[in-house]
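To start, the structure itself, in structure tokens.
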Amino acid sequence: MRLTLKQITALKVVLHLAAFLPLLWLILSIDQGWFSADPAKDIQHFTGRMALKLLLGTLLVTPLARFGKQPLLIRTRRMLGLWCFAWATLHLISYSVLELGISNLRLLGQELVTRPYLTLGIISWLLLLALALTSFQLAQRKLGSRWQTLHNFVYLVAILAPIHYLWSVKILSPQPLIYALIALILLVWRYKKFRKWLPK
């Protein structure tokens, strides 16, 4: 049975809550002091993981819609992508404010250039920014065929963001590996699409 528009609307509400409620938990955790002795790192990792989860959720929509024969699921993809960008922006802000100080933009620029894992992170954020700004129908109409070309860069983000996470942790744990593995599976799932891009 295919999902109806009403059910998709209800699903969107659930997904909005799933993306928003962790923000309330984050604020409460800061207020109550639930984080470890290094709360700045905890906040950065939490916001980064949320962005990565929503990125993977965005990439999961198309396979679910196709193999589950639920075409209306595609309507949740833009919403998840925008939430991904929102959490990625919180991740960037938390690093620049808690690690470097909000006014030290020069140091932030130096860090982003000299630390490779940060370079991958800012490239990912800039790509997400471009995708967020052009995610609306007006941009799609104006860009025409170039819109899809631009939005294919989400796959590059799906490569760079897990590497950024893996590279950023000092002690390798299963969690970043799991995220990287899920991203790899979602990319391999699209191998037929990628094959079409290869020169013949």
Pairs needed: first member in the stretch 24-43, among the hydrophobic types (A, V, I, L, M, F, W, C) and outside any helix (DSSP H, G or I); second member anywhere, modelled with pLDDT of 90 or more and surrounded by fewer than 13 Cβ atoms within 10 Å (Cβ to Cβ); C-beta distance under 8 Å; at least 6 residues apart or different chains. TRP34/LEU28
Could you give every pair whose Cβ atoms fall below 7 Å, whose first residue belongs to the stretch 184-198 and is within 18 Å of PHE67 (Cβ to Cβ), and whose second residue is at pLDDT 95 or above and assigned to a helix (DSSP H, G or I), counting only separations of at least 6 or pairs across chains? LEU186/LEU56; LEU186/LEU59; LEU186/LEU60; LEU186/ALA158; LEU187/TYR155; LEU187/ALA158
Working carefully through the options TRP83, TRP87, find the one that is in contact with a Gly (Cβ under 9 Å, 6 or more places away or on another chain), of a type outside the set (Ser, Thr, Tyr), part of a helix (DSSP H, G or I) and open to solvent by 50 Å² or more (accessible area, probe 1.4 Å). TRP83
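Among ARG106, ARG77, ARG66, which is within 13 Å of the chain's Cα centre (by Cα) and open to solvent by 70 Å² or more (accessible area, probe 1.4 Å)? I'd like the intermediate steps shown before the answer.
Working: ARG106 fails: within 13 Å of the chain's Cα centre (by Cα); ARG66 fails: within 13 Å of the chain's Cα centre (by Cα).
Result of the check over ARG106, ARG77, ARG66: ARG77.
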Is the stretch 31-49 home to any residue that is surrounded by 12 or more Cβ atoms within 10 Å (Cβ to Cβ), closer than 22 Å to MET79 by Cβ and over 15 Å from the mean Cα position of the chain (by Cα)? no
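The values are calculated or read from the model by the stated rules, or taken from the named source; none is laboratory data. Everything numeric here is computed off the predicted structure, so don't read it as measured data. Note that we place each Cβ from the backbone using ideal geometry, even for glycine, and neighbour counts take in every protein chain shown. Heavy atoms of the whole protein, side chains included, go into the accessibility calculation; ligands, DNA and RNA do not. Shrake-Rupley method; radii C 1.70, N 1.55, O 1.52, S 1.80 Å.
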